[in-house]
Amino acid sequence: MTTTLHDSAFVRACRGLPVPHTPVWFMRQAGRSLPEYRKIRAGVGMLESCRRPDLVTEITLQPVRRHGVDAAILFSDIVVPLAAAGVDLDIVAGTGPVVAEPVRTAADVARLRALEPADVGYVDEAVRLLVPELGPVPLIGFAGAPFTLASYLIEGGPSRTYLRTKAMMYGDPDLWHSLLSRLADITLAFLRVQVGAGVSAVQLFDSWAGALSEADYRRYVLPHSARVLGGLADAGVPRIHFGVGTAVLLRAMGEAGADVVGVDWRTPLTEATTLIGADKAVQGNLDPAVLFAPWEVVEREARRVLAEGAAAPGHVFNLGHGVMPETDPDVLTRLVEVVHGG
């Protein structure tokens with residue numbers, strides 16, 4: 001990586017260093033809100049899209065070109081490494097990941113094999129194509145955290161209640177920890193491939209950890225997320241940790257080993273900074289639904305988030321979760337201008 005990337009506003013903010021402006025990127029910025037994305041994805045399945053370096057490169061670049069964001073995020077999906085490690089799954093439009101044979105027993109866990117770099121050679125290739133195309137714009141790699149991956153594997157798909165997941169967690173803790181240990185290995189291997197190919201930062205998505213109490217998170221989840229983040233301590237890139245509905249978990253998430261903690265829209269960044277710790281940067285946290293309000297409301301709320309983010313040693317502006325598909329892309333472009341001081 002070049003000095004330019006290390007010195008970018010995004011990387012500097014992640015490290016709590018002075019920045020020329022608050023950097024901004026959006027979760028799901030490369031996605032369904034962009035007409036050019038819908039056009040290039042027409043007739044191509046999600047998993048296939050993630051496995052084609054040419055498509056990954058173009059889709060990742062689209063929001064950078066359109067919005068002028070301070071970082072790109074690799075176009076992929078959190079279940080990509082699971083599929084690469086042999087799990088029979090598909091990403092069904094309108095539903096999400098669907099697992100053919102959910103993981104429920106010790107034999108099921110035993111079938112989960114380690115992820116080898118060659119299994120995701122297309123990810124390595126896509127990152128190596130992207131880095132020169134992006135120039136001074138940093139590329140963020142990412143992976144799903146062990147708990148969130150486990151919830152998909154155990155439930156067989158998305159869930160609102162996580163009943164089967166929690167039943168294993170509470171009812172068979174040995175099996176639970178065995179599963180999460182394997183998933184931590186897969187996640188770490190997947191992130192190391194991306195770091196080795198040249199990403200400038202990584203984000204660990206524990207999207208559904210908000211379903212847990214703090215005590216359960218500490219007992220059943222934190223050790224595994226910490227092993228992933230700790231395994232990248234010498235990688236030389238900032239590590240971001242994000243979840244949804246995690247207000248009660250922020251203190252514990254701040255202990256997991258990330259340099260930056262993403263905060264959803266429910267918790268003011270001033271309060272989040274107190275919980276996470278004064279040595280961590282924060283990322284967030286405009287409510288994605290605000291983007292559907294009149295412009296003066298969007299601008300007012302963005303300035304509020306910027307003011308609250310100033311309480312942390314570093315602030316990366318983002319939404320509190322992903323861009324909704326119905327979002328007007330022009331609003332995102334204008335929002336970037338406001339965050340940059342316009």
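Each value in this text was obtained by applying a stated rule to the coordinates, not by laboratory testing. Everything numeric in this text was worked out from a predicted model, so none of it was measured. Here the Cβ is made from the backbone with ideal geometry for all residues, glycine too, and neighbour counts use every protein chain on show.
Based only on other Cβ atoms within 10 Å, what is the fewest-to-most ordering of Met253, Met324?
Taking fewest neighbouring Cβ atoms as first place, the list is Met324, Met253.
Modelled label-to-label distance, Lys39 and Ala106, 7 Å Cα→beta-carbon offset: nm?
My value for the distance between the label points is 5.6 nm.
Per the helix-only calculation at 222 nm, which mean residue ellipticity applies to the chain, given -39500 (n - 2.57) for every DSSP H run of n ≥ 4 and division by its residues, nearest 500 deg cm²/dmol?
The per-residue figure over the chain is -13500 deg cm²/dmol.
Quick one: grab the alpha carbon gyration tensor of the range 1-113, order the square roots of its eigenvalues as a ≥ b ≥ c, and give me rounded if a/c is under 1.5, else prolate or oblate depending on whether a/b is larger than b/c.
Verdict is oblate for the range 1-113.
How much net charge surrounds Leu332 when only the other residues with a Cβ under 15 Å from the Cβ of Leu332 are counted, with Lys and Arg +1 and Asp and Glu -1?
-4
Once you've got the GNM for the chain with C-alpha springs shorter than 10 Å, pick whichever of Gly254, Gly156, Gly141 has the biggest mean-square fluctuation.
Maximum among the listed residues: Gly156.
Under a 10 Å cutoff between Cα atoms, tell me which one of Val261, Val305, Val316 has the largest fluctuation in the Gaussian network model of the chain.
The residue that fluctuates most here is Val305.
By the scheme Lys and Arg +1, Asp and Glu -1, what is the net charge of all other residues having a beta-carbon under 14 Å from that of Asp206? Could you put the intermediate results ahead of the total?
Values: positive: Arg218, Arg227, Arg239; negative: Glu214, Asp216, Glu255, Asp264.
With Lys, Arg at +1 and Asp, Glu at -1, the net is -1.
Report the calculated FRET efficiency for Asp174 and His21 (r = Cβ-Cβ distance, R0 = 45 Å), to the nearest 0.05. Walk me through the numbers on the way to the answer.
Working: r = 50 Å, r/R0 = 1.10.
My answer for the efficiency is 0.35.
What is the fewest-to-most order of Lys39, Lys280, Lys166 by other Cβ atoms lying within 10 Å of their Cβ?
Least to most surrounded, the residues fall as Lys39, Lys166, Lys280.
Taking the highest mean first, how do the peptides 290-299, 197-206, 95-104 order by number of other beta carbon atoms within 10 angstrom per residue?
Top of the packing list down: 197-206, 95-104, 290-299.
Please give the contour-minus-distance gain from Glu337 to Tyr122: 0.36 nm per residue of separation, less the Cα-Cα distance, rounded to one decimal in nm.
Working: separation 215, 0.36 × 215 = 77.40 nm, distance 3.39 nm.
Gain on stretching Glu337 to Tyr122: 74.0 nm.
What's the FRET efficiency of Ala93 with Ala307 using the Cβ-Cβ distance as r and R₀ = 51 Å, to the nearest 0.05?
0.85
By its C-alpha gyration tensor, with a ≥ b ≥ c as the square roots of the eigenvalues, how is the range 198-286 shaped: rounded for a/c under 1.5, else prolate for a/b larger than b/c, else oblate?
Oblate is the answer for the range 198-286, as a/c is 1.5 or above yet b/c matches or exceeds a/b.
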